[in-house]
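The structure under discussion appears below in the form of structure tokens.
No value in this document is a laboratory result; all are computed from the given coordinates. Keep in mind that this is a model prediction, so the values were computed, not measured. No Cβ is skipped: glycine too gets one built from the backbone with ideal geometry, and neighbour counts run over all protein chains shown.
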Amino acid sequence: MKKIFLVLIILGMTGCKIFDPKIYTESEVELKQDILYEKKSNDEVNGIVKKYYESGALMSKTTYKDGKKNGKEKNYFRSSILEIETTYIDGKKNGIERSYNEDDTLKSETTYENGKPLPLISTITGKPLPPLNSIIKK
């Protein structure tokens, strides 16, 4: 019991840093054959990669596991407003991808499964709708 208490005290004093993900900048990583590696150690990236505009504003924040996108990816306008939010599993888009206008209003939503967009389903017929680009005249 004393050992558990001691461990809890030590974790509390260190701020539980062992659970914080490692943060990388774009210059610390490199892509090789669809896997992201840390340049110094040549290990697969496990953590968050942040990219910045020349102004210093955050451009994107992406979570990686075993060198592949895994979790949330957020891309930002230069104004720091969220532009696109996507969820990845094992390097492939999964779930709802949301795009926003620069005034922070929702622009679009697309649902992905295993990296592929799912078709929109008509609430009237229950059948897939044709792709939007086949409906719009050019």
Query raised in the report: So what is the relative contact order for region 64-126, in percent, with contacts set as C-alpha pairs under 8 Å and at least six apart?
Result: 22
Query raised in the report: In nm, to one decimal, how far is the modelled label at E113 from the one at F77, with both set 7 Å along Cα→Cβ?
Result: 3.3
Requested in this report: Could you go through region 69-85 in sequence order and give the Karplus-derived ³J(HN,Hα) for each residue, using 6.51 cos²θ - 1.76 cosθ + 1.60 with θ = phi - 60°, rounded to whole Hz, and x for Gly and Pro?
Outcome: 4, 8, x, 7, 10, 10, 10, 10, 5, 4, 7, 6, 7, 4, 9, 9, 10
Report task. Count neighbours as other Cβ atoms within 10 Å of each site's Cβ, and list the trypsin sites (Lys or Arg not before Pro) in region 17-52 that are DSSP loop with at most 13 such neighbours. Result -> K39, K40
Report task. Arrange T86, T125, T111 by Cβ neighbour counts within 10 Å, fewest through most, would you? Result -> T125, T111, T86
Requested in this report: Scan around L129 for amide H atoms under 5 Å from its own, H built in the peptide plane at 1.01 Å from N, and keep only partners 5 or more places away or cross-chain.
Outcome: L120, I121, S122
**Report entry** region 19-131, relative contact order [Cα under 8 Å, separation at least 6], %
**Finding:** 13
Report summary line: Amide H contacts under 5 Å for E97, restricted to residues at least 5 apart in sequence or on another chain and with H modeled in the peptide plane, are T110, T111, Y112
Report task. Pop out the Kirkwood hydrodynamic radius of region 27-120 from its pairwise C-alpha distances, inverse of mean 1/r, in Å to one decimal. Result -> 14.1
Query raised in the report: Could you give the length gained on full extension between K127 and D104, defined as 0.36 nm per residue of separation minus the Cα-Cα distance, in nm?
Result: 5.1 nm
Query raised in the report: Given H placed on each backbone N at 1.01 Å, which residues far from I89 in sequence or on other chains put an amide H within less than 5 Å of it?
Result: G71, N94
Report summary line: Quick calc, K92 & E26: beta-carbon distance into FRET formula, R0 22 Å, rounding 0.05, result 0.50
Report summary line: Candidate cut points under chymotrypsin sites (Phe, Trp or Tyr not before Pro) in region 22-108, DSSP loop plus at most 15 other Cβ atoms within 10 Å of their own Cβ, are Y53
